[in-house]
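Peer 1: Pasting in a structure now, in structure tokens, and then I'll have a few things to ask.
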Amino acid sequence: FASMVPSGMSAVIGDISNVQTPEGWLGIELFALFFPVSLAILGVVYGARLIGREEDSGTLEIILAGPVSRLKLVVQKLFALIKLLAVPAVILWVSVALGSIWFDFSPNLWHVAQAVIAGWLLGLVYGTVAFMTQAISGKSGLATGVGIGVFFVTYMITIVSQLVDSWKDTQWLSPFRYYDASNVLSHGFDAENVITLITLGALFSLIALLAFPRRDIRS
């Protein structure tokens, strides 16, 4: 059956050779496309709007006129981004755990938790790209566009690099390369991949922390 699946579809949904295992089924049905794309898009939306909402409405200056410094505000918003993206990740893990109790379905829940964390970190990468753009530009629309653009380009790199041999060396440019949920579900975390996702999110966050306190806040 796996040999009958077009290579293009396999590049999108992953290797279906393990579909008969709980981890393989989860990898195809949830973790290959639905979960990471949902977290990435949510991350972009949250990242662009957490400060952008107040800035677009003209209330940001009022907030900063109080005892809250710019740096403290950015840190608070980053923690809000982290917590907001954790909510759907936790809900997914709980749903899988409950499903394993109610049905004849017994995935390795520790590996599922690690795949959920990997998806959460992936969402934070794209979320912090949008957050950084908003912190630098003060334009939530631009931040959303940049975040979605980076997501689309890097996702396409992931797909094309699996289909075209000459593109294989470009895989490292995409955060999806380090998400790698199918392997996480089967074998657990790859430390290098986790560190890479954390480093990317931390880098974009650091740029936002440095940029926002230094720019003019528009009225």
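Peer 1: Rounded to the nearest 10 degrees, what's the angle between the helix 109-137 long axis and the longest principal axis of the chain, both from Cα atoms, 0 to 90?
Peer 2: 30
Peer 1: May I pose another question? Could you tell me which of rounded, prolate or oblate describes the stretch 132-174, using a ≥ b ≥ c as the square roots of the eigenvalues of the alpha-carbon gyration tensor, with rounded for a/c under 1.5 and, failing that, prolate when a/b is larger than b/c and oblate otherwise?
Peer 2: Prolate, because a/c is 1.5 or more and a/b exceeds b/c.
Peer 1: Given Ser174, Val153, Phe189, which one lies farthest toward the positive end of the charge dipole of the stretch 131-196, if we put +1 on the Cβ of every Lys and Arg and -1 on the Cβ of every Asp and Glu?
Peer 2: The residue sitting farthest along the positive end of the dipole is Val153.
Peer 1: Can you tell me the FRET efficiency between Phe79 and Asp216 if r is taken as the Cβ-Cβ distance and R0 is 35 Å, rounded to the nearest 0.05?
Peer 2: That pair, Phe79 with Asp216, gives E of 0.90.
Peer 1: Let me ask another. Going by Cα centres, the stretch 103-141 and the stretch 166-219 are how many Å apart?
Peer 2: Taking the Cα centre of each part, the stretch 103-141 and the stretch 166-219 sit 10 Å apart.
Peer 1: I need the phi-derived Karplus couplings for the stretch 160-176: 6.51 cos²θ - 1.76 cosθ + 1.60, θ = phi - 60°, integer Hz, Gly and Pro marked x.
Peer 2: 5, 5, 8, 9, 10, 4, 5, 9, 4, 6, 8, 4, 5, 6, 9, x, 4
Peer 1: Mean residue ellipticity at 222 nm from the helices of the chain, using -39,500 (n - 2.57) per DSSP H segment of n ≥ 4 over the full residue count, to the nearest 500 deg cm²/dmol?
Peer 2: Only helices count here, giving -23000 deg cm²/dmol.
Peer 1: Going by a ≥ b ≥ c, the root eigenvalues of the Cα gyration tensor, does the chain fall in the rounded group (a/c under 1.5), the prolate group (a/b larger than b/c) or the oblate group?
Peer 2: prolate
Peer 1: For the stretch 110-219, how big is the tail of P(r) above 18 Å, as a whole percent of Cα pairs?
Peer 2: The share of Cα pairs beyond 18 Å in the stretch 110-219 comes to 55 percent.
Peer 1: Hey, what's the chain come to in accessible area per residue, 1.4 Å probe, Å²?
Peer 2: Using a 1.4 Å probe on heavy atoms only, each residue of the chain averages 52 Å².
Peer 1: Relative to the longest principal axis of the C-alpha atoms of the chain, give the angle of the C-alpha long axis of helix 70-102, reported between 0 and 90° and rounded to the nearest 10°.
Peer 2: Value to nearest ten degrees: 20.
Peer 1: Kindly sort Arg214, Arg70 by accessible area of their heavy atoms, largest first, with the probe set to 1.4 Å.
Peer 2: The ranking, largest first, comes out as Arg214, Arg70.
Peer 1: Okay, moving on. In terms of the Cα gyration tensor, with a ≥ b ≥ c the square roots of its eigenvalues, is the stretch 54-183 rounded because a/c is under 1.5, prolate because a/b exceeds b/c, or oblate?
Peer 2: oblate
Peer 1: Can you compute the modelled spin-label distance between Leu209 and Phe152, with each label point 7 Å from Cα toward Cβ, in nm?
Peer 2: 3.2
Peer 1: Turning to a different aspect of this structure: Among 160-173, 105-118, how do they line up from the highest to the lowest mean number of other beta-carbon atoms within 10 Å?
Peer 2: Top of the packing list down: 105-118, 160-173.
The values are calculated or read from the model by the stated rules, or taken from the named source; none is laboratory data. Quick caveat: nothing in here was measured; it's all calculated off a predicted structure. No Cβ is skipped: glycine too gets one built from the backbone with ideal geometry, and neighbour counts run over all protein chains shown. Only protein heavy atoms, including side chains, enter the accessible area calculation; ligands, DNA and RNA are left aside. Shrake-Rupley method; radii C 1.70, N 1.55, O 1.52, S 1.80 Å.
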